[in-house]
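None of the figures in this text is laboratory data; all of them are computed from the coordinates on show. If you're wondering where the values come from, they're calculated on a predicted model, not measured in any experiment. We place every Cβ from the backbone using ideal geometry, glycine too, and count neighbours over all the protein chains shown.
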Amino acid sequence: AISGVIAELHRAAGALERLMDLLHAENEIEAPENPRSFNGKPSGALALEKLTFAYPSRRQTLAIDDVSLAIEPGENVALVGPSGAGKSTLFDLILRFYDPNSGAIRLDGIDIRELDPLELRSHIAVVSQQPAMFTGNVWENIRYGRPEAGDEEVRKAAELAYADNFIEQLPEKYDSFLGESGVRLSGGQKQRIAIARAILKDPEILLLDEATSALDAESERQVQMALERLMRNRTSLIIAHRLATVKNVDRIVVLDSGKLIAQGTHRELLQSCALYENLARLQFSENSS
């Protein structure tokens, strides 16, 4: 439908603008002189406290406007809202590609600005709609999540991500080179390599950015099963444009124009949030037609 094409163009334009911001941003994110560290592994408790942020190229427009959100260890939380609502920006801030203009993000009670950015990111894995693939072989692409991992650990991660079957059918199996940007793999296969990478890394926090939105039905089913396995008992934030993929998460957070306007379960939000009810009605009526 024309409306769908227009929505995709808006989304692509927003993504391009964010990419240009990242490319042109001054490298202001530095490790503190005396960084704090965790006693052992963090639990994955994540707190956003009165966050406000505007991208450097658009300082007059708040991308995030006074957002507070507490996420329990192991909780699965979906972020929904129209294009430009601030969902991807929250990921940028959690990964500390930028610092907020005001407010704080805490991991296990520690302000992430007090951590070395590399230490912070070692506890986070990202699975996105178009995951990064390297020209190396399958071993190297999965092991990127944890370079010191042994072959058996890599194989186990691939099995858990439902990637082992198609890898074994490649000409040289795990030794197969994937080509530039993983050109030899389908979209669903790239997703499952990225999920295997995240499983191998075993992070405390998982960020999923529209991870199944570009897949056919069968690929989506396999990727969804792998993601559910990955998310189990792990703090997970999921950006999804299709509500069917996140109906069953612990909590759904609705964003609009950088503000957090509602949160609750799918059933609760259908009753209490007009924007969510409208998104749901549009999507589920499209699917049934």
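Structure notes:
- The alpha carbon convex hull volume per residue for segment 57-211 rounds to 139 Å³.
- With neighbour counts taken as other beta-carbon atoms within 10 Å, the residues GLU152, GLU72 rank, fewest first, as GLU152, GLU72.
- Debye-formula intensities of segment 129-188, expressed as log10 I(q)/I(0) at q = 0.15, 0.17 Å⁻¹, are -0.39, -0.51 (one equal scatterer per alpha-carbon, no solvent).
- Per principal axis, descending, Cα span of segment 130-228 in whole Å: 31, 28, 21
- Cα centroid of segment 31-98 to Cα centroid of segment 166-183, whole Å: 35 Å
- ³J(HN,Hα), Karplus 6.51/-1.76/1.60, whole Hz, each residue of segment 232-243, x for Gly, Pro: 4, 6, 10, 4, 9, 10, 10, 8, 9, 8, 9, 5
- Cut-off 12 Å between beta-carbons: net charge of the residues surrounding ALA194, Lys and Arg +1, Asp and Glu -1: +3
- J(HN,Hα) series, segment 165-177, from Karplus relation 6.51 cos²θ - 1.76 cosθ + 1.60, nearest Hz, glycine and proline x: 4, 6, 4, 5, 8, 5, x, 10, 6, 5, 8, 5, 7
- Whole-number D in µm²/s for segment 44-100 (Stokes-Einstein; Kirkwood sum over Cα pairs; 20 °C, 1.002 mPa s): 177 µm²/s
- Antiparallel DSSP beta bridges within segment 152-289, percent to nearest 5: 50 percent
- Antiparallel %, DSSP beta bridges [both residues in the chain], to 5: 50 percent
- Annotation: amide H of VAL126 within the under-5 Å range of LEU207, sequence separation 5 or more or interchain, hydrogens built in the peptide plane.
- The magnitude of the dipole of the chain, with charges of +1 and -1 set on the Cβ of Lys/Arg and Asp/Glu and taken from the Cα centre, is near 560 debye.
- When each of LYS87, LYS41, LYS190, LYS201 is scored by the number of other beta-carbon atoms lying within 10 Å, the sequence from fewest to most is LYS41, LYS201, LYS87, LYS190.
- Counting neighbouring Cβ atoms within 10 Å and putting the fewest first, the residues GLU268, GLU148 line up as GLU148, GLU268.
- Of the residues ALA104, SER83, VAL67, the one whose Cα sits farthest toward the positive end of the charge dipole of segment 49-146, with +1 on the Cβ of Lys and Arg and -1 on the Cβ of Asp and Glu, is SER83.
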